[in-house]
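First the structure, in the form of structure tokens, and then the observations on it.
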Amino acid sequence: MDRPPIIISHANIGGRQEGKGPLAHTFDELSADSFFGEKTWEKAESTMQKRVLRRCLERAGMGPEDLDYILAGDLLNQCIGSAFSLRDFPVPFYGLYGACSTMGESLSLGAMLIDGGFASVVAAMTSSHFCTAERQYRMPVPYGSQRPPTAQWTATASGCSILSVQGEGPRITHVTCGKVVDLGIRDVNNMGAAMAPAAADTLSAFFRDTGASPSDFDLIATGDLGKLGSQLLRDLMAKEGVPLGENYTDCGLLLFDLDGQDMHCGASGCGCSAAVFNGYLLGEMAAGRLKRLLFAPTGALLSPTSSFQGESIPGICHAVCVEA
């Protein structure tokens, strides 16, 4: 970025399981009600986005009229979680779909809009909901289907950042747009294996283009590869000659207590990395414990139709460098 945008405000919201996890204290709001006061889970997801956007604006001392654009997405068909949530906000809107990489995608595009002089203030936002994702991609929750050991738990969470051309806060200094990478994984209960190759491709490109190395960062956080996918990423990066050290983690490993909450391989869903970024990670930067962060959320670009037709699962990863 020639004019690195500043993250002047951030907020996150979580559900019942997030409130039982190790990062519960990093949330602005937690709800024990999966419906968030609504009649359906889909409406609940839209309500999460409304609330997190309002909290973010209040923290910045702004109103919706101060935003040039809102960049948002979710996991639902036609991104109805985001589109329906913004019916009450008269702000120009770009709906995005990067699956679990959507927070990285929205931050990247928002940063480029500001750096290019096309906007002064932009909101980047996304969400996911365990019950909506299960109904759309797997089985309705009341069915009670068994989850295999490689499965991850979709976060019921939402996160929002407001980027500005001026103000106080950490800056987005670099972005790397990911490519679609598909190594033929077809198991819809093994998202980590499907997304790890895309994460390796994007991180390799980032380090190659910037001349940086993993040791130059206080923390590298992918999301949401989970337990299996993050180990696969370590193996792939080691083969590339760029081993990830002790300063590497994954949002899917941070959000829940994997054993205590029986989360198998960890958390997933675009709300996972959004909530971890806009809560724990930016909180650590504000406290001075992180100075340079490489945030690289990953997404599995599948749909129920593609899975029913026997298609493999393409992955993507967008990397964003944030510096205090």
What nm value, rounded to one decimal, do you get for the distance between residue 307 and residue 24 when each label is placed 7 Å out toward the C-beta?
3.0
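Would you mind putting 108-119, 306-317, 188-199, 59-70 in packing order, based on average other-beta-carbon counts within 10 Å, highest first? Kindly include the intermediate steps, with their values, before the conclusion.
Values: 108-119: 19.7, 306-317: 18.2, 188-199: 25.9, 59-70: 16.7.
Top of the packing list down: 188-199, 108-119, 306-317, 59-70.
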Restricted to Cα positions, what overall size does the chain have along the principal axes? Three whole-Å values, descending.
51, 49, 36
Check: the chain dipole with +1 on Lys, Arg Cβ and -1 on Asp, Glu Cβ, in debye:
300
Using the Cβ atoms and a cut-off under 12 Å, what net charge is assigned to the surroundings of residue 99, where Lys and Arg are +1 and Asp and Glu are -1?
-3
Per the helix-only model, the chain has a calculated mean residue ellipticity at 222 nm (DSSP H runs of ≥4, -39500 (n - 2.57) each, divided over all residues, rounded to the nearest 500) of -9500 deg cm²/dmol
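What does the convex hull of the alpha-carbon atoms of the range 171-323 project to on average, in nm²? Walk me through the numbers before you get to the answer.
On the way: hull surface 35.7 nm².
Over all viewing directions, the range 171-323 projects a mean Cα-hull area of 8.9 nm².
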Running a GNM on the chain with Cα contacts under 10 Å, which residue among 224, 262, 28 ends up with the highest mean-square fluctuation?
262
Using distinct alpha-carbon pairs, which all enter the 1/r mean, Kirkwood radius of the range 6-164 in Å
15.9
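Every read-out reported here was derived from the displayed coordinates using simple, explicitly stated rules and does not represent laboratory data. None of the values given here were measured: they were computed from a predicted structure. Note: ideal-geometry Cβ built from the backbone for every residue, glycine included; neighbour counts use all protein chains shown.
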